[in-house]
Structure formats: C-alpha cells, structure tokens
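The values are calculated or read from the model by the stated rules, or taken from the named source; none is laboratory data. Note that the coordinates shown come from a computational prediction; the quantities given were computed from them, not determined experimentally. For neighbour counting, all protein chains shown are included, and Cβ atoms are generated from backbone atoms with ideal geometry for every residue, glycine included.
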Amino acid sequence: MVAFPIDSASVTHGIQLAVAPVFLLTAVSGMIGAVAGRLARIIDRARTVEDRARTSTDEEFLARAQVELGELRMRGRLANGCIALLTTCAFLIGVTIIVLFLGETTASQISRFAIGSFLLGVACFLLALLCFLAETVVATRLLNFHMLR
C-alpha cells in the first residue's frame with residue numbers, strides 16, 4: 001500500500017479547484033432533466049398519433065400523422081443526442097474534478113489533462129445546447145396555427 005503525503009494546504013487548494021466545475025455539473029443535471037422530460041412527451045405524443053392512425057381510415061389524417069411522426073422521430077433523435085452529449089459532458093467534468101484533485105494532492109503531473117477534459121466537456125455542453133435548440137425549432141415548426149376549425 002502506497003501512502004500519500006498529505007499536505008492540508010494542497011488538499012484545501014485541490015478542493016477549491018475541484019468545486020468550480022461542480023457548478024457546470026449542476027447545470028448539466030438540470031438540462032438532462034429538462035430534455036428527458038421533453039423526450040418523454042415526444043414518446044407519448046408519438047404513441048398517441050400511432051394509435052389514432054391505426055384506427056383511422058381518413059387519408060388526410062393519415063398523411064398528417066405520417067408527417068407528424070417523422071418530425072417526432074427527428075425530435076426524439078435530437079433529444080437523445082442532447083442527452084448523450086450532456087452525459088459525456090458530465091463524465092468529462094467528473095474526470096476534470098478527479099484530475100485536478102489528484103494533481104494538487106499528489107506528486108503526479110496530470111493536472112494538464114484537466115484542461116483537455118474540461119474543454120471537451122464544455123464543447124459537449126455547447127453541442128448539447130445546439131441539439132436542444134434544434135429540437136425546439138423542429139417542435140415549433142410542427143405547430144400549425146392556420147388550420148381551420
């Protein structure tokens with residue numbers, strides 16, 4: 001068993017360094033919850049449209065249902081991509097926290113890897129935001145305010 005020399009000042013500084021990325025983790029977890037909720041609604045809507053289409057003989061409705069299901073499929077893929085990117089972001093930020101803490105509290109020179117993992121995590125977060133934006137654009141494009149009653 002290897003004993004690590006413990007310097008309370010370096011442990012304190014390591015904890016301070018590791019706390020900053022935790023705020024990004026909080027944002028990521030909130031986004032995952034929001035996108036997961038949207039994905040659940042997308043799935044529920046798709047099931048409803050599919051069930052209605054199975055029992056309908058109205059060709060006009062079936063055509064609209066087919067278009068809507070295509071858009072719901074696209075939204076589901078965007079939401080899944082967003083969740084995957086957010087999960088990857090959270091993983092990379094977790095790696096950043098571990099690397100920062102270990103680099104500060106041990107003699108190893110791994111702290112430089114924290115820069116890469118943090119930047120990759122932020123890049124994943126930004127890509128997830130773009131997926132979220134695209135999903136909301138597709139969702140609002142589906143709205144048809146000009147339909148006759």
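Assess whether Leu72 counts as being at pLDDT 90 or above and surrounded by 14 or more Cβ atoms within 10 Å (Cβ to Cβ). Criteria met by Leu72. Across the stretch 88-102, the qualifying residues are those that are of a type in the set (A, V, I, L, M) and modelled with pLDDT of 90 or more, and the one among them that is nearest to Leu78 (Cα to Cα) is Ala90. Among the residues of the stretch 103-149, the ones that are under 15 Å from Met74 (Cβ atoms), of a type in the set (A, V, I, L, M) and at pLDDT 90 or above come to 6 in all. Residue count for the stretch 40-57, restricted to those that are closer than 18 Å to Ala139 by Cα and among the polar types (S, T, N, Q): 1. Is there a residue in the stretch 81-96 that is touching a residue at least 40 places away in the same chain (Cβ under 8 Å), in contact with an Asp or Glu (Cβ under 8 Å, 6 or more places away or on another chain) and assigned to a helix (DSSP H, G or I)? Within the stretch 81-96, one or more residues are touching a residue at least 40 places away in the same chain (Cβ under 8 Å), in contact with an Asp or Glu (Cβ under 8 Å, 6 or more places away or on another chain) and assigned to a helix (DSSP H, G or I). Only one of the numbered conditions (1) of a type in the set (Val, Ile, Thr); (2) surrounded by fewer than 17 Cβ atoms within 10 Å (Cβ to Cβ); (3) more than 13 Å from the chain's Cα centre (by Cα) is violated by Ile97, and that is (2).
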